[in-house]
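Presented below is the structure to which this report refers.
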Amino acid sequence: MNNTKLTVSHAPFWHDGDNLFKKNLNFMLALLPAAIFGILQFGAPALGVMALSLSCAMLWELVINLVSKKPATIGDLEAAVIGLLFGMMLPAITPWWLIVVGTFVAVFVGKMIFGGIGSSPFNPTLLGMAVLMMSWKMFFDFDTAYVDYEFAFTALAPLAAVKTQGAAAADLFTLGDLFMGREVGAVGATFGLGLIIGGIYLILRGYARWELSVSFIAGILITAFLFHAASPQNYAGPLFHLLSGYTLLGAFFLITESASSPVNRIPMLLYGFLGGVVIILMRNIGAYADGTILAILLVNVVSPLLDNIRPNALGRGMNNA
Amino acid sequence: MAQSLAKEFTKGLWAEIPPFRLVLGLCPTLAVTKSVENGIGMGLATTFVLVFSNLLISLLRNVIPPKVRIACYIVIIATFVTIVELVMQAYTYPLFLTLGIFIPLIVVNCIVLGRAEAFASKNTPVLAVADGLGIGIGFTLSLASLGAVREIIGAGTITIWGGNPVFAVGDWYHPFSFMVEAPGAFVALGLMLAGMNLIGKK
Amino acid sequence: MREMISMIVVLTLLASVSGGLLAAVKSGTELRIEEQVLKFQKAPAIESLFSDVTNDPLKERFTLDTGDRTLQIFPGKMKDGSRAVAFETSGKGGYGGDIGLMVGINVDSDQLVGARVTTHAETPGLGSRAKDDLTFVSQFNSRPLDANLALKADNGSIDAISGATVTSRAVTRAAIQAQELYSQLKPEILKQIQ
């Protein structure tokens, strides 16, 4: 395979001026509406969680750069995006040490060990989250996390309520409430409208691929619809699943992570769809209330396999003898 | 003679330390190192098997016909493994329960068969015993150190022997229990391998 | 031909020496292993079942033949003068293999004293709750011998552990097996404990 030289087109090539820094800046910009809403809803602790998480992630990357005697790479803001996303997936009262450990796992084990940016087989943010959830499950119980808060809406985590009380609990939450973030959850994952606006912005700017988001959402809707149609008293409806938990954050910001997702259109569509199906399977059949994190990590593993579906190279191959 | 004896013994402690340098015997390494105690127990059991199977195979190396040598080695190794299993069951029953299936699995541990085939069948009994002892102690040390890392981070304690921790971090510590779960074993082993390579490179 | 013979001779010799050695070790450690199994697996369950007996059930144990295997039976004299026996059955089809269940039965009132899980290989935190959390097995306490001890999901009367139905079902199988064994063995048990 390596002995064939492929002719692409003639030089000169043209650079459109884009770079990692701009990409990640836009990424954070797109996350802002949901993040700001989280601060308004959950108060200063939410700001603290996100700020600590963001700065910790960048600091860890700098430390690892220094220890491994490699040039500092925090300037590309990749670590900042990991940190911000990480903070947005936590409840507002998360203890500080949890964030310090979690960002270390995300940046070190999730990203730097595999060779830094673009080389991670798993989404670093999700890897950190999964490890934390395995170790300290009690801090991710959104019902007990917000026990000191007074809310003007049902103060129950929607997915956990459905898991423990059955699909009837889904009626406690109106879709409008879920859409406008009037629910209990992670600081940056509740505001559906903000996440959708941010996601569409990213897609329009070309930083996230629409194939991934659309097929992911389609996978969720179709699978949840089938479950709901088969037995409405056991399984909540598709729109409830779409608007609760980490689903929208996952659809626009997590599954679209470029290093761990496939590169061609058909694999991307399959990849997103598979992710959506696995999430609903985990929620409806599995032991976890919200399967988003594990489901996306699971399809990360499938990604290299899906990459085998690719078009034949155009043009003539020449043996490089 | 004394010099080569020392060489065969010490190579197992660093240059050919089994899980880290040879990357052999990973099944027990990953599976039982939830605590230092488990690591030491597994390591000692393997050392016993290694020393005696090496000795016997080296003694019989001119008698065993080459065509059935692997079958003979397995018979010898399995005998010693079963002895270890029975003795552990009789005297250290709680440890036997935690190590469980991994004791009989020493039979197919590639370190034991590897030493028999690569070393004991070609060398004198004294050298073979030194080799088995060195590799066995190296294996025990690696398992104990991996167990120590995982136990102190994952449970906040150090248990050397007998089920009671000799050291506990304290109540303020929220155990990072990921490290004592199965995926934590892979991450811990990977990081320790990387550390060994970092030190070895200099 | 010579090589052939030497191969056969060496392998046969090795195998028989190894067999002899193992037989010696086995018979040397057999008693001690039995004691250890009793001490670490059965004793805690029996002590927890017969918390107020006036005798030593472990010392007074005897064995009965059930046809296809021998059963160790631990007799207990309750404080109120009634007699009880405990024995271990195993429930097929747990998540990680069979589950051992020590069942105590009061011989005079034909009621279950209770049940405790002894050996299992269930998932820690899920199925292992059958052993660690006594609320599940305490459902067997004081049940009459003819009670239906299947899970509620199987039209019985026992609540499954949430999230561990497979484990719970295996435990109830062991309990049902104990009922059958007891009704089959009762005459002999009565003869033995007088």
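The values are calculated or read from the model by the stated rules, or taken from the named source; none is laboratory data. Keep in mind the model is a prediction, meaning the values are calculated, not measured. Positions of Cβ are backbone-derived with ideal geometry, glycine not excepted, and every protein chain shown enters the neighbour counts. Only protein heavy atoms, including side chains, enter the accessible area calculation; ligands, DNA and RNA are left aside. Shrake-Rupley method; radii C 1.70, N 1.55, O 1.52, S 1.80 Å.
Given Cβ point charges of +1 (Lys, Arg) and -1 (Asp, Glu) and nothing else, what value in debye, to the nearest 20, does the dipole of the stretch B:2-201 about its Cα centre take?
Dipole about the Cα centre, nearest 20: 680 debye.
Roughly how tilted is helix B:125-154, in degrees to the nearest 10 and between 0 and 90, from the longest Cα axis of chain B?
In chain B, helix B:125-154 runs at an angle near 10 degrees to the longest axis.
Provide the per residue accessible area, probe 1.4 Å, for chain B, rounded to a whole number of square angstrom.
That works out to 44 Å² for each residue.
Averaged per residue, what accessible area in Å² does the stretch C:46-193 show with a 1.4 Å probe, protein chains only?
Solvent-accessible surface per residue comes out at 47 Å².
For the modelled label position 7 Å from the Cα of A:L226 along Cα-to-Cβ, which residues of the stretch A:264-303 have backbone nitrogen atoms closer than 11 Å?
A:277-278, A:281
Quick check: at a probe of 1.4 Å, how many percent of the accessible area of the stretch B:2-201 sits on carbon and sulfur atoms?
Answer for the stretch B:2-201 is 72 percent, counting heavy atoms of protein chains only.
Connecting C-alpha atoms closer than 10 Å in a GNM of chain A, tell me which of A:G38, A:G83, A:G115 has the biggest fluctuation.
Highest fluctuation among the options: A:G115.
Karplus couplings for the stretch A:57-68 from phi (6.51 cos²θ - 1.76 cosθ + 1.60, θ = phi - 60°), rounded to Hz, Gly and Pro as x?
Karplus-based 3J(HN,Hα) across the stretch A:57-68 equals 4, 5, 5, 4, 4, 4, 4, 5, 4, 5, 5, 8 Hz.
May I ask you to work out the translational diffusion coefficient for the protein assembly as shown at 25 °C, viscosity 0.890 mPa s, via Stokes-Einstein with Rh from the Kirkwood sum over Cα pairs, reported in whole µm²/s?
81 µm²/s
Roughly how much accessible area, to the nearest 100 Å², goes out of reach of solvent when B and A pair up, both sides summed, probe 1.4 Å?
Roughly 800 Å² of accessible surface disappears when B and A pair.
Through the Karplus equation 6.51 cos²θ - 1.76 cosθ + 1.60, θ set to phi - 60°, convert the phi angles of the stretch A:83-89 into ³J(HN,Hα) values in whole Hz; use x for Gly and Pro.
Taking θ as phi minus 60°, the curve returns x, 5, 4, 4, x, 5, 8 Hz for the stretch A:83-89.
So for chain C, taking the charge dipole from beta-carbon charges (+1 Lys/Arg, -1 Asp/Glu), which of C:N141, C:G91, C:Q179 sits furthest toward the positive end?
C:G91
Mind listing the phi-derived Karplus ³J(HN,Hα) values for the stretch A:259-272, rounded to whole Hz, using 6.51, -1.76 and 1.60 with θ = phi - 60°, and x for any glycine or proline?
With coefficients 6.51, -1.76 and 1.60, one gets 5, 9, 10, x, 9, 9, 5, 5, x, 4, 5, 4, 4, x Hz.
So which residues of the stretch C:29-50 lose at least 20 Å² of accessible area, probe 1.4 Å, when you go from the chain by itself to every protein chain present?
Those residues are C:T29, C:R32, C:I33, C:Q36, C:V37, C:F40, C:Q41.
Picking from C:M4, C:N55, C:H120, whose Cα lies most toward the positive end of the charge dipole for chain C (charges on Cβ: Lys, Arg +1; Asp, Glu -1)?
Looking along the dipole axis, the top candidate is C:M4.
Between A:P91, B:L141, A:W210, whose Cα lies farthest towards the positive end of the dipole of the protein assembly as shown when Lys and Arg beta carbons carry +1 and Asp and Glu beta carbons carry -1, centred on the Cα centre?
About the Cα centre, the residue reaching furthest to the positive side is B:L141.
What's the carbon and sulfur percent of the stretch C:46-193's accessible surface, probe 1.4 angstrom, rounded to a whole number?
Here it works out to 48 percent.
Which net charge results when you count Lys and Arg as +1 and Asp and Glu as -1 among the other residues whose beta-carbon is under 13 Å from that of C:T66?
Net charge in that neighbourhood comes out at -3.
What's the longest uninterrupted piece of chain A once you rule out the chymotrypsin sites (Phe, Trp or Tyr not before Pro) that are loop residues per DSSP with at most 11 other Cβ within 10 Å?
In chain A, the maximal stretch lacking such sites is A:15-321.
To the nearest 10 degrees, how steep is helix C:2-37 against the longest Cα principal axis of chain C, on a 0 to 90 scale?
Value to nearest ten degrees: 30.
B:A188: net charge of surrounding residues, Cβ under 14 Å, Lys/Arg +1, Asp/Glu -1, itself excluded?
0
Rounded to the nearest 100 Å², what is the sum over both chains of accessible area buried where B meets C, with a probe of 1.4 Å?
Using a 1.4 Å probe, the pair buries roughly 1800 Å².
Taking the Cβ of A:A79 as the centre, find all other residues whose Cβ is under 10 Å away and add up their charges (Lys, Arg: +1; Asp, Glu: -1).
Cβ neighbours under 10 Å give a net charge of -2.
Ignoring ligands, DNA and RNA, please state the percent of accessible area on the stretch A:1-126 from carbon and sulfur, probe 1.4 Å.
Looking at the stretch A:1-126 in its full context, I get 73 percent from C and S.
Give me the accessible area per residue for chain A, probe 1.4 Å, as a whole number in Å².
Per residue, chain A has an accessible area of 47 Å².
Once you have a ≥ b ≥ c as the square roots of the Cα gyration tensor eigenvalues for the stretch C:53-183, tell me rounded if a/c is under 1.5, and otherwise prolate or oblate according to whether a/b is larger than b/c.
Taking the square roots of the gyration eigenvalues as a ≥ b ≥ c, the stretch C:53-183 is prolate.
Summed for both chains, how many Å² of accessible area, to the nearest 100, are buried between A and C with a 1.4 Å probe?
0 Å²
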